[in-house]
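One structure below.
The values are calculated or read from the model by the stated rules, or taken from the named source; none is laboratory data. All values reported here derive from a predicted model rather than from experimental measurement. In this analysis, Cβ positions are derived from the backbone assuming ideal geometry, glycine residues included, and neighbour counts consider all displayed protein chains.
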Amino acid sequence: MTEPIIIDSPEHFNNREISWLRFNKRVLEEAIDEQTPLLERLRFIGIFSNNLDEFFMVRVAGLKDQVRAGFNRPENKSDLTALQQLKAITKEAHPLVKQQQDYYRTLKQQLADENIHIGLIDKLTKKELKWLDTYFEQVIYPVLTPLAIDAYRPFPILQNLSLNIAVTLHHPDEKEKKLTAIVQVPALLNRFVKIKNKHHYLLLEDVIRYYINRLFTGYTVEDTICFRITRNADMNLHEEGSRDLLKEIEKELKKRRWGVAVRLEIMGSQGKHNQHMINFLKYVLEVSNDDLYYHDGPLDFTFLLNVYSQLKQTFEHLVFQTLIPQPPKEVEPLVNIFDQLRRKDIMLHHPYESFEVIVDMIDQAATDSHVLAIKQTLYRVSGDSPIVNSLKLAAENGKQVTVLVELKARFDEENNVQWAKALEKAGCHVIYGITGLKTHSKITLIVRKEHERIERFVHLSTGNYNDQTAKFYTDLSILTSRREFGIDATLFFNFLSGYTFKPTFHHLSMAPYQIQADFIHYIDQEMTYHEQHGDGHIIAKMNALTDKPLILKLYEASNKGVKIELIVRGICCLKPGIKGVSENITVSSIVGRFLEHSRIYYFHHHGTNKVFLASCDMMTRNMIKRIELLFPILDRHHKKRVIDILHLQLHDNQKARYQLANGCYDYKQQIDEDIVSSQLSFFDMAYQTSPTN
């Protein structure tokens with residue numbers, strides 16, 4: 001007799017951190033996809049590097065905090081303690097860093113074939129070296145500050161993610177006595193130095209090391225080591241005890257630069273440098289061998305994002321073809337948007353359809369004499385946000401403008417603090433949400449009065465009010481004047497700004513109070529329909545899947561025979577294809593030109609087709625620690641459109657990778673199939689259906 005399978009068992013879950021690293025590996029793999037233009041491949045190396053920095057600053061830092069605090073309770077899915085997770089991360093991350101360097105060297109050679117060179121000071125002509133000498137003396141040298149380290153001058157506190165050069169030197173009369181100094185690579189200078197009239201770039205740290213002797217006149221430099229520190233950058237907010245969250249955020253932002261070191265990166269292969277200096281750096285920074293990452297090449301590949309920006313116009317054949325977001329097919333040109341919304345709902349699909357519709361609507365509302373109020377949530381906005389400017393204008397024009405600015409949007413805190421101050425100065429009512437929760441929902445309410453009648457217009461989205469990211473994040477949103485949505489939006493904003501119990505909505509579902517329970521209810525209903533009709537089917541698209549109760553419920557539905565197709569871009573703690581656990585579940589991940597950001601949840605319900613969009617993923621933090629909104633698609637044509645979007649993505653055989661039972665991913669095997677790249681297909685459709693074409 002076979003033992004019954006215990007579904008809630010550690011081997012049936014992927015660890016969250018390892019799953020994230022495997023997602024970032026998929027990002028890195030775009031750098032070697034020969035279908036991707038050369039400069040775009042270089043950009044993916046930069047994106048991988050930026051992603052990894054954030055992972056260490058937040059996730060690894062958090063695990064280290066747990067270890068230091070003596071917290072050794074295993075996490076609730078893969079059953080690993082914080083220390084075990086750190087060991088697993090080390091094992092997974094070190095090979096990725098080596099791969100990154102290998103890919104960079106390959107691409108660097110291909111760039112050379114295009115007459116684009118990075119590095120190689122020894123390849124400069126005498127004339128170019130003379131120019132570089134002058135550039136160093138006039139531009140770089142005056143900014144540098146060599147810091148000697150001795151009994152009177154202790155090791156300096158070096159900022160998070162700063163590049164530094166450790167120098168070992170001696171006095172000619174005391175060769176046995178080794179001296180140490182630190183030279184910080186100036187962050188305000190351009191990271192790469194362009195040789196005049198050529199596409200030849202030198203890294204700033206290489207130039208400084210080349211001329212390092214000039215900083216230590218009379219001494220002999222024996223060795224230089226370029227290194228980089230990653231520090232804990234997570235915020236430790238004490239919201240309960242803070243009377244002013246704005247000031248608390250500003251205080252924590254200053255601390256971020258000086259957090260505990262969690263990673264030390266060394267330029268050069270292991271064994272290349274003076275081990276005494278490596279040991280000294282480990283000692284003063286209090287890092288272990290596991291925290292030490294050797295790079296046989298440059299540190300901090302985010303500089304490649306700037307290289308890409310500088311070269312993309314000159315080398316158009318090495319970048320993606322420009323795809324311009326199209327006017328949405330459902331929006332009538334030159335017709336007042338409010339007049340259109342009285343007749344019908346409008347759905348938008350970004351970046352294929354232009355985000356300018358939303359920008360223009362807020363701008364129009366700011367000067368419309370019939371508009372009484374605008375209410376909006378802001379999570380991440382661009383540096384020069386036209387939406388924020390319109391909100392300020394609306395307040396100056398006497399509209400009642402209420403804006404929830406989420407100050408705790410990670411790594412956008414400083415930007416959002418500045419916007420909050422500017423909005424308040426313009427006369428907007430600025431609120432910061434509810435204590436202990438991030439407001440991650442994306443909603444706008446516009447209240448108009450015309451012919452003595454109050455009208456409410458609502459925008460609900462899966463993505464942020466950011467006109468820049470809307471050009472490369474895929475998102476869906478709806479615009480509606482339906483009465484029930486207007487009432488729901490009013491109740492929602494009153495809940496955020498005042499004292500009121502959780503409202504009862506007509507259509508909206510809100511986390512942390514309801515969304516998880518609603519998902520479980522819809523999955524239960526799908527199981528019931530499947531038992532009755534045998535056609536149970538769930539499709540869910542999201543950024544990440546980590547919530548254990550929802551994973552277990554999906555496992556239960558799989559065991560009942562419900563077909564479950566998941567499109568999860570990043571972290572996925574669910575393991576598909578396990579007999580007796582998840583054999584009716586597939587998981588795909590699309591990583592390509594655009595960042596898949598839309599959240600879509602579809603339940604077949606024996607042909608009634610319940611379709612929802614949401615601001616949230618099926619993540620624990622979204623279910624219990626954030627204010628999120630789930631909203632239904634009610635228009636029949638819009639339902640079909642969303643289902644068609646899901647089906648096209650499920651048939652992607654160019655950028656989709658499928659999760660195997662061991663948690664790793666592989667490309668879908670093409671067997672006499674048509675080539676399907678869902679993102680390019682969506683752009684083709686947007687071009688074909690645009691009212692201007």
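Yes/no matrix, rows are residues, columns are (1) farther than 27 Å from Lys471 by Cα; (2) in contact (Cβ under 8 Å) with a residue 24 or more places away in the chain; (3) in a loop (DSSP other than H, G, I, E, B):
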{"residue": "Ile551", "(1), (2), (3)": "yes, yes, no"}
{"residue": "Ala557", "(1), (2), (3)": "yes, yes, no"}
{"residue": "Ile567", "(1), (2), (3)": "no, yes, no"}
{"residue": "Ile578", "(1), (2), (3)": "yes, yes, yes"}
{"residue": "Glu583", "(1), (2), (3)": "yes, yes, yes"}
{"residue": "Thr586", "(1), (2), (3)": "yes, yes, no"}
{"residue": "Gly592", "(1), (2), (3)": "no, yes, yes"}
Item to complete: For Ala365, indicate whether it is assigned by TED's automatic domain parsing to the domain that holds Leu479, more than 27 Å from Pro691 (Cα to Cα) and of a type in the set (Gly, Ala, Ser).
Response: no
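Yes/no per residue for (1) within 30 Å of the chain's Cα centre (by Cα); (2) farther than 30 Å from Gly46 by Cα; (3) buried (at least 17 other Cβ atoms within 10 Å of the Cβ):
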{"residue": "Glu526", "(1), (2), (3)": "no, yes, yes"}
{"residue": "Gly534", "(1), (2), (3)": "no, yes, no"}
{"residue": "Ile538", "(1), (2), (3)": "yes, yes, yes"}
{"residue": "Thr546", "(1), (2), (3)": "yes, no, yes"}
{"residue": "Ser558", "(1), (2), (3)": "no, yes, yes"}
{"residue": "Arg569", "(1), (2), (3)": "yes, no, yes"}
{"residue": "Tyr601", "(1), (2), (3)": "yes, yes, yes"}
{"residue": "Gly607", "(1), (2), (3)": "no, yes, no"}
Worksheet entry | Subset of segment 155-193 (residues that are among the polar types (S, T, N, Q), surrounded by fewer than 18 Cβ atoms within 10 Å (Cβ to Cβ) and closer than 22 Å to Val262 by Cα) | Gln159, Ser162
Worksheet item: Got a sec? Which of Asp635, Asp652 is surrounded by 13 or more Cβ atoms within 10 Å (Cβ to Cβ), farther than 19 Å from Glu596 by Cβ and at pLDDT 90 or above?
Response: Asp635
Worksheet entry | Output for segment 48-79, where each listed residue is surrounded by fewer than 20 Cβ atoms within 10 Å (Cβ to Cβ), more than 16 Å from Thr230 (Cβ to Cβ) and either not assigned by TED's automatic domain parsing to the domain that holds Val262 or not aromatic (Phe, Trp, Tyr) (or both) | Gln66, Val67, Arg68, Ala69, Gly70, Asn72, Arg73, Pro74, Asn76, Asp79
Practice prompt. Restricting attention to segment 661-681, report how many residues are touching a Lys or Arg at 6+ places or on another chain (Cβ under 9 Å) and either of a type outside the set (S, T, N, Q) or modelled with pLDDT of 90 or more (or both).
Written response: 11
Fill in: Selection within segment 427-464 - out of contact with any strand residue (DSSP E or B) (no Cβ under 6 Å at 6 or more places or on another chain) and either touching a residue at least 40 places away in the same chain (Cβ under 8 Å) or over 12 Å from Val403 (Cα atoms) (or both)
Tyr432, Ile434, Thr435, Gly436, Glu450, His451, Glu452, Arg453, Ile454, Asn464
Worksheet item: For the subset of segment 471-485 comprising residues that are hydroxyl-bearing (Ser, Thr, Tyr) and surrounded by 23 or more Cβ atoms within 10 Å (Cβ to Cβ), which member is nearest to Phe682 (Cα to Cα)?
Response: Thr474
Response to the item:
When restricted to Leu215, Leu179, the only residue among the hydrophobic types (A, V, I, L, M, F, W, C), over 34 Å from the mean Cα position of the chain (by Cα) and either modelled with pLDDT under 90 or not assigned by TED's automatic domain parsing to the domain that holds Asn306 (or both) is Leu179
Practice prompt. Spot the failing condition for Leu491; the list is (1) in contact with a strand residue (DSSP E or B) (Cβ under 6 Å, 6 or more places away or on another chain); (2) among the hydrophobic types (A, V, I, L, M, F, W, C); (3) surrounded by fewer than 19 Cβ atoms within 10 Å (Cβ to Cβ), and only one is missed.
Written response: (1)
Discussion item. Suppose we filter segment 296-325 for residues that are within 23 Å of the chain's Cα centre (by Cα), more than 15 Å from Tyr201 (Cα to Cα) and of a type in the set (A, V, I, L, M, F, W, C); how many remain?
Written reply: 5
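For segment 601-633, which residues satisfy the criterion of being among the small types (Gly, Ala, Ser) and more than 12 Å from His440 (Cβ to Cβ)?
Scanning segment 601-633 gives a single hit, Gly607.
Being β-branched (Val, Ile, Thr), modelled with pLDDT under 95 and within 19 Å of the chain's Cα centre (by Cα) narrows it down to one of Val403, Val388, Val335, Val381, so name that one.
Exactly one residue qualifies, and that residue is Val381.
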Worksheet item: Using beta carbons and a limit of 8 Å, which pairs, at least six apart or on different chains, have the first residue in segment 317-329 and closer than 27 Å to Asp113 by Cα and the second one assigned to a loop (DSSP other than H, G, I, E, B) and of a type in the set (Lys, Arg)?
Response: Leu318/Lys312; Val319/Lys312; Phe320/Arg593
Worksheet item: Somewhere in segment 478-489, is a residue under 27 Å from Tyr352 (Cβ atoms), within 26 Å of the chain's Cα centre (by Cα) and either outside the structural domain of Tyr602 (by TED's automatic domain parsing) or not in a loop (DSSP other than H, G, I, E, B) (or both)?
Response: yes
Item to complete: Could you check Glu413 against (1) modelled with pLDDT of 95 or more; (2) more than 17 Å from Thr444 (Cα to Cα) and say which number it fails?
Response: (1)
